[in-house]
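A.B. asks: Handing you a structure now.
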Amino acid sequence: MVFAGGPAAQGMVSAGKPIADAGLTQFDWLRLVSRSSLSIPERHLARVLAGYGTASGTDIWPGNVRLARAIGYSKPDLVGPHLKALRDKGWIVQAAAANARRDRNARYVLAIPLDIDEQLVYEPDEL
């Protein structure tokens, strides 16, 4: 997965495709997240992240301090492992790295995991 200024340009690996490239909206993504096998904290963080972006799932850059406050964590460091899990599982793509010298937070894009079928949980009557 390569897009301008995206993870491949910065040496990062992407396990997902930006929702805009998949023809989906933030609302579609949130519906998929709610049916995913993500842990409860990961799912909660995913929903909070979506609220900081555009309808197309781009320009998400709240920073760990703001995210920690929004989800009720006492320390910003507690957000990092959940962000990493969302990246590794393909639910978000890091579009730009954080830059402390320029006081810029990392920027994310909502994504659809490349293995989405394996990450969704179906009800028995849906099979």
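A.B. asks: All but one of (1) of a type outside the set (Val, Ile, Thr); (2) under 13 Å from Val33 (Cα atoms); (3) exposed (fewer than 12 other Cβ atoms within 10 Å of the Cβ) hold for Lys75, so report the exception by its number.
C.D. replies: All conditions are met except number (2).
A.B. asks: Let me ask something additional. Residue by residue through the range 77-109, note down the ones that are over 18 Å from Val65 (Cβ atoms) and of a type in the set (Gly, Ala, Ser).
C.D. replies: Those that are over 18 Å from Val65 (Cβ atoms) and of a type in the set (Gly, Ala, Ser): Ala85, Gly90, Ala95.
A.B. asks: Related question: Can you confirm whether the range 103-122 contains a residue that is assigned to a helix (DSSP H, G or I), among the polar types (S, T, N, Q), touching a strand residue (DSSP E or B) at 6+ places or on another chain (Cβ under 6 Å) and surrounded by 12 or more Cβ atoms within 10 Å (Cβ to Cβ)? Don't jump to the end; show me each part of the working.
C.D. replies: Going through the range 103-122, the residues assigned to a helix (DSSP H, G or I) turn out to be 116-119.
Keeping just the survivors that are among the polar types (S, T, N, Q) gives 119.
With the extra rule that they be touching a strand residue (DSSP E or B) at 6+ places or on another chain (Cβ under 6 Å), the set shrinks to 119.
Filter again for surrounded by 12 or more Cβ atoms within 10 Å (Cβ to Cβ), leaving 119.
Looking through the range 103-122, at least one residue is assigned to a helix (DSSP H, G or I), among the polar types (S, T, N, Q), touching a strand residue (DSSP E or B) at 6+ places or on another chain (Cβ under 6 Å) and surrounded by 12 or more Cβ atoms within 10 Å (Cβ to Cβ).
A.B. asks: Could you grab the pairs with beta carbons closer than 9 Å, sequence gap of 6+ or different chains, first residue in the range 38-67 and closer than 15 Å to Lys89 by Cβ, second one of a type in the set (Lys, Arg)?
C.D. replies: Within 9 Å, the pairs are Leu38/Lys89; Glu42/Lys89.
A.B. asks: I'd like the full set of residues that are in a loop (DSSP other than H, G, I, E, B), crowded, with 17+ Cβ neighbours inside 10 Å and not aliphatic (A, V, I, L, M), limited to the range 38-57. Full working, then the answer.
C.D. replies: Step one: filter the range 38-57 for residues in a loop (DSSP other than H, G, I, E, B), giving 38-39, 52-57.
Add one more test, that the residue is crowded, with 17+ Cβ neighbours inside 10 Å, and what stays is 38, 53, 57.
Scanning the range 38-57 gives Gly53, Gly57.
A.B. asks: A follow-up question, please. If a residue has to be free of Cβ contacts under 8 Å to residues at least 40 places away in the same chain and at negative phi to count, how many in the range 92-108 make the cut?
C.D. replies: Total meeting the criteria: 5.
A.B. asks: Name the residue that is surrounded by the fewest Cβ atoms within 10 Å (Cβ to Cβ), counting only residues in the range 13-37 that are of a type in the set (Gly, Ala, Ser) and within 15 Å of Glu118 (Cβ to Cβ).
C.D. replies: From the range 13-37, those of a type in the set (Gly, Ala, Ser) are 14-16, 20, 22-23, 34, 36-37; that's our starting set.
Keeping just the survivors that are within 15 Å of Glu118 (Cβ to Cβ) gives 15-16, 36-37.
On the way: Ala15: 18, Gly16: 25, Ser36: 18, Ser37: 11.
In this case the residue turns out to be Ser37.
Each value in this text was obtained by applying a stated rule to the coordinates, not by laboratory testing. Just so it is clear, the structure is predicted and the values come from calculations on it, not from any experiment. Reconstructed Cβ throughout: ideal geometry from the backbone, glycine too, with neighbour counts over all protein chains shown.
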